[in-house]
There are 4 protein chains.
Amino acid sequence: MNDEPTLGDATAWWSTGVTRIEPGLIELRGFPIQDLIGRAGFISTVWLMVRGELPSEREAALLEATMIASVDHGPQAPSIASARMAITCGVGINSAMANGVNTLGDVHGGAGQQCVQLLRDAQGLRDESGLDADAAARRVVDEHRASRRHVPGFGHRFHPVDPRRDALLDLVSAAVADGVLEGRFLELGLALERQVEAALGRPLPINIDGISAIVYAELGFDPELARGLFVLARSVGILAHAWEERETGRRIKGPLPPPLLADYIGPMTRPVPGEVPSRPRP
Amino acid sequence: MNDEPTLGDATAWWSTGVTRIEPGLIELRGFPIQDLIGRAGFISTVWLMVRGELPSEREAALLEATMIASVDHGPQAPSIASARMAITCGVGINSAMANGVNTLGDVHGGAGQQCVQLLRDAQGLRDESGLDADAAARRVVDEHRASRRHVPGFGHRFHPVDPRRDALLDLVSAAVADGVLEGRFLELGLALERQVEAALGRPLPINIDGISAIVYAELGFDPELARGLFVLARSVGILAHAWEERETGRRIKGPLPPPLLADYIGPMTRPVPGEVPSRPRP
Amino acid sequence: MNDEPTLGDATAWWSTGVTRIEPGLIELRGFPIQDLIGRAGFISTVWLMVRGELPSEREAALLEATMIASVDHGPQAPSIASARMAITCGVGINSAMANGVNTLGDVHGGAGQQCVQLLRDAQGLRDESGLDADAAARRVVDEHRASRRHVPGFGHRFHPVDPRRDALLDLVSAAVADGVLEGRFLELGLALERQVEAALGRPLPINIDGISAIVYAELGFDPELARGLFVLARSVGILAHAWEERETGRRIKGPLPPPLLADYIGPMTRPVPGEVPSRPRP
Amino acid sequence: MNDEPTLGDATAWWSTGVTRIEPGLIELRGFPIQDLIGRAGFISTVWLMVRGELPSEREAALLEATMIASVDHGPQAPSIASARMAITCGVGINSAMANGVNTLGDVHGGAGQQCVQLLRDAQGLRDESGLDADAAARRVVDEHRASRRHVPGFGHRFHPVDPRRDALLDLVSAAVADGVLEGRFLELGLALERQVEAALGRPLPINIDGISAIVYAELGFDPELARGLFVLARSVGILAHAWEERETGRRIKGPLPPPLLADYIGPMTRPVPGEVPSRPRP
């Protein structure tokens, strides 16, 4: 940016390679919108928008299955509860959905992203060291235990075995068998599952974040996009729950049903000292 | 809610008919998640989640086409620009997406919802009065002009004719011809387009909000769900743009490229009066 | 905006009269920031920023008292609960606060704004019709009851009498007695309280939204700014609660303590039909 | 949490020490709200809410000055621009403010927090090693340069010298001279400023984040609360700008004035391949 900016600097500041807009023209990554409407699938369009090219049939099917697996896990999740509470407060459904999406942070929505990163790092370790999958997985597990971090993508506080694990595992395994996917990250994910169990002395199966991460890593998605795709998928559940709450007609829904009040654990009644700081002068 | 609440009141307060969760079990509207993974389409799952039942093949195809048509319209849109700016500020991609979604309010994201409502009201008028489509449409247009409101769903500031209009119109017309849809709202939408042109003396074609509204109304979606589905669709563009911006590595992206500054139009330098209210005492 | 935009159009598009920024210079409404620091009060600065001029000492004191009255009402409020849940999900404290602020919509945060509008409308009615305060208030109450709308600013689901009512009423009454405020809106507010009680046959005292609205109306704030000032005030409680939750170290806090699950009220297990729409082709 | 939860688990899940609510009673940290209204200052109430006790007069004055210094830096900031765009999209002023607040992430709003942490770490280094302030500061600067990280709290892209630096520096220096503050973090901050200049060979003065961090560290605020207090302060500017934009009456304000369009840098028009994945079957 030079010291004498031009009008072109302003339009260049907002330049994009995603969508081209001109009067009467709308193109997504170079494809005229009217040629995609009725011919492309929604998931293929998602892939096109974030990757720049259309996926193959099998790639689209794997992404579609993974996103379906992530649409909802009920109102116990803060993302869903936030959206349900927000829509009772007199905001549009977009703002209720925004609150739900906003809570999908590093802890609530980030395990998939972290697990894709983990799989990539473990693969990098294999590439450098020539270790086999289980040896690389063991080292990763040991490092996490040494630094007291849990390995993202394994175990679930509700489900002994997450029903989404086997369903997606079958699809990704078939895609590997058919040569659609290389299978390096599937191999690593299963090795990690074995090594986590070996380290703990009890099974801690791959969860939805872990199995999604295997698919996303196999499909070549950046770790942060794994979070983005999870947000898209969970937005479906957020919408469905916000809408269900709207239909109840409730107003100002808090976490506890009235007349329940939160327990108070602070100091009891006390007088305000005579000299209160910054008190407005009379 | 009685005066002596029970533990059941707390779980009932959060009751839902969308998703059932038990250890080892996840069901969407009664369908086991593992039976949907790999068999259902994402758009059919969206329909299932917000409507409670799976759609027919043709219904799913119409919803899919309509949502694809809405995924993006470039960074000139505040929703997209907000997400692009937010992700340069050190928040997760979920928070950047939340900011984009949050801006899809009554004015930016609500025209489709308003147009579905308009179509329903106009149909109600026909049911009561027996007016034909054009007569009902004329009355609606006259009422809007009398109260100086624009008719939602018509005209676009960039596009003389929106390329998404014809593409979706062909699909919905074919569905009506095949008896998949009743066609009452398509008929009304086209009548409104004629009456708007007649009233203005120039064409103001159906835009993406209007054609989407026709499809959503024909498919039986509540007006507010039309907004919700638009939010889901536009979230794809929001993600793609947020990700493109992330890859630029920019930090704290404002609307103007540095060193450009906003024009200042307020009072020039002036002294603070000797007696400033509420000034903390020394 | 002409058809050949200039660079000036871009900087004018973002023009502001609030703050002037130049290298080495920051002025708020024309006052150099270094002259305000240490001399102006925070509340006076709030007033300056939204109104354009500094308030008098008494005006600042009234705004300060009203904003203090609004800082918090506990975690039963969705705004507070949303922020507490969000911060356990791995987002920054800014994003947790954003979720809390976002829920302060028309229903949860808008009653004060609506009550300022009501007071202005009632005053307009008096100016036109010459009605006295009680007659104008009676008409307003009758209109609300006729259209089955509750009168904003009266009654509270927890408090028979809101302790904030009397405390603020004393301050605003004293300001009227001293000629600092005209008192028209105080007179109307008390008349509305009488007429609401007369209509219901039981007292429904002015609540925090109503008493705040009286102060904001007397101080000349636009109704929408009443909402904005409430958001600023409640942001203090949102911050305090988000921080308290952060210190608990909880992760992914939902509305119910584990292992509690929401009641499920939807369809029970059912098979997915053989023909599922939009199923990805193998 | 045992396996048989009780109703008390639900109210305990939401327990708080901030605010006590009972019918007819509202207490902040044990102080009846009616005793604070009209006697406490807003900034003292902020302190009370996040710290649990009232501040001294001087402490309140320092916090007040620091928060005033942070209220706004104009619409070039993404936080302000986001709020201005959002309010033109048909959302409430609360949602416009939420979007502004949400952008105050690690990069846009986090430098103060990071600088408080830096000052604490440097002090910990002194406590362990007995190094003097400049020696400790030199080590911190060297470590940052070695890992190619910039030192948070120094330098500004607009201001050669930030006018807020000297104004706040005078106040904090006076408080140290009067024995109100210990001055350890002031000493370290000035040492860091010297060492940054020495390392770069040119001055990179303490900026608003750095001087705020010195005050917050001296006042004993947790680093994350420094971010929270900055969010509260900047919310004032966010409100003022959102309101100014509302008064313009603009609808759907994007970053560029129409008819300006973002530059397009992606692929040009291309045909959709005959076989599009996941295309809904006819």
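The values are calculated or read from the model by the stated rules, or taken from the named source; none is laboratory data. The structure presented is a predicted model; accordingly, all values stated were derived computationally and were not measured. Neighbour counts are summed over all protein chains in view; Cβ atoms, including those assigned to glycine, are modelled from backbone coordinates with ideal geometry.
The residues of region A:211-267 that are closer than 27 Å to A:Ala122 by Cα and among the small types (Gly, Ala, Ser), listed by number, are A:Ser212, A:Ala213, A:Ala217, A:Gly220, A:Ala226, A:Gly228, A:Ala233. Note on region C:165-193: residues that are farther than 13 Å from C:Leu119 by Cβ and β-branched (Val, Ile, Thr) total 2.
Rundown of residues vs (1) among the β-branched types (Val, Ile, Thr); (2) outside any helix (DSSP H, G or I), yes/no style:
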{"position": "A:Ser212", "(1), (2)": "no, no"}
{"position": "A:Val215", "(1), (2)": "yes, no"}
{"position": "A:Gly220", "(1), (2)": "no, yes"}
{"position": "A:Phe230", "(1), (2)": "no, no"}
{"position": "A:Gly237", "(1), (2)": "no, no"}
{"position": "A:Ala242", "(1), (2)": "no, no"}
{"position": "A:Ile252", "(1), (2)": "yes, yes"}
{"position": "A:Pro257", "(1), (2)": "no, yes"}
{"position": "A:Arg270", "(1), (2)": "no, yes"}
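Of the candidates B:Gly74, B:Gly52, B:Gly112, the single residue that is in contact with a helix residue (DSSP H, G or I) (Cβ under 7 Å, 6 or more places away or on another chain) and at positive phi is B:Gly74.
I'd like to check something: does region D:163-182 contain any residue that is among the acidic types (Asp, Glu), at pLDDT below 95 and either assigned to a loop (DSSP other than H, G, I, E, B) or out of contact with any helix residue (DSSP H, G or I) (no Cβ under 8 Å at 6 or more places or on another chain) (or both)? Spell out the reasoning first.
At the first step, the residues of region D:163-182 found to be among the acidic types (Asp, Glu) are D:166, D:170, D:178, D:182.
Okay, now just the ones that are also at pLDDT below 95, so none.
No: zero hits.
For region C:91-118, filtering for residues that are within 18 Å of C:Pro255 (Cβ to Cβ) and without any contact (Cβ under 8 Å) to a residue 12 or more places away in the chain leaves 1.
Which ones in region C:206-225 are of a type in the set (A, V, I, L, M) and in contact with a strand residue (DSSP E or B) (Cβ under 8 Å, 6 or more places away or on another chain)? Step through it out loud before you land on a result.
Within region C:206-225, the first condition is being of a type in the set (A, V, I, L, M), and the residues that meet it are C:206, C:208, C:211, C:213-215, C:217, C:219, C:225.
Matches in region C:206-225: C:Ile206, C:Ile214.
Report yes if C:Gly90 is on the phi < 0 side of the Ramachandran plot and out of contact with any Phe, Trp or Tyr (no Cβ under 7 Å at 6 or more places or on another chain), otherwise no. No: the conditions fail for C:Gly90.
Among the residues of region D:60-78, is there at least one that is of a type in the set (Asp, Glu), in a loop (DSSP other than H, G, I, E, B) and surrounded by 19 or more Cβ atoms within 10 Å (Cβ to Cβ)? Reasoning before the result, please.
Narrowing region D:60-78 to residues of a type in the set (Asp, Glu): D:64, D:72.
After this cut, where a residue has to be in a loop (DSSP other than H, G, I, E, B) as well, the list is D:72.
If we keep only those that are surrounded by 19 or more Cβ atoms within 10 Å (Cβ to Cβ) too, we end up with D:72.
Yes, the conditions are met somewhere in region D:60-78.
Within region A:238-252, the presence of a residue that is surrounded by fewer than 20 Cβ atoms within 10 Å (Cβ to Cβ) and closer than 30 Å to C:Ala175 by Cα is excluded.
B:Gly210 fulfils the conditions (1) closer than 22 Å to A:Ile37 by Cα; (2) away from chain A (no Cβ under 14 Å); (3) over 17 Å from the mean Cα position of the chain (by Cα); (4) among the small types (Gly, Ala, Ser) except for a single criterion, (3). Could you please let me know if D:Thr66 is of a type in the set (Val, Ile, Thr) and in contact (Cβ under 8 Å) with a residue 24 or more places away in the chain? Answer is yes for this residue.
Of the residues making up region D:4-50, those that are surrounded by fewer than 18 Cβ atoms within 10 Å (Cβ to Cβ) and more than 7 Å from every other protein chain (Cβ to nearest Cβ) are D:Glu4, D:Gly8, D:Glu22. Per the conditions (1) within 13 Å of the chain's Cα centre (by Cα); (2) at pLDDT 95 or above; (3) buried (at least 24 other Cβ atoms within 10 Å of the Cβ), the sole criterion not satisfied by A:Ala111 is (2). Taking the conditions (1) without any contact (Cβ under 8 Å) to a residue 40 or more places away in the chain; (2) closer than 30 Å to B:Pro78 by Cα in turn, D:Thr11 satisfies each one other than (2). Looking only at region A:191-210, residues that are surrounded by fewer than 19 Cβ atoms within 10 Å (Cβ to Cβ) and in a helix (DSSP H, G or I) come to 5 in all. Within this structure, C:Glu128 fails the test of being among the acidic types (Asp, Glu), within 7 Å of another protein chain (Cβ to nearest Cβ) and either assigned to a helix (DSSP H, G or I) or at positive phi (or both).
Scanning region A:1-58 for residues that are in a loop (DSSP other than H, G, I, E, B) and among the acidic types (Asp, Glu) turns up A:Asp3, A:Glu4, A:Glu53.
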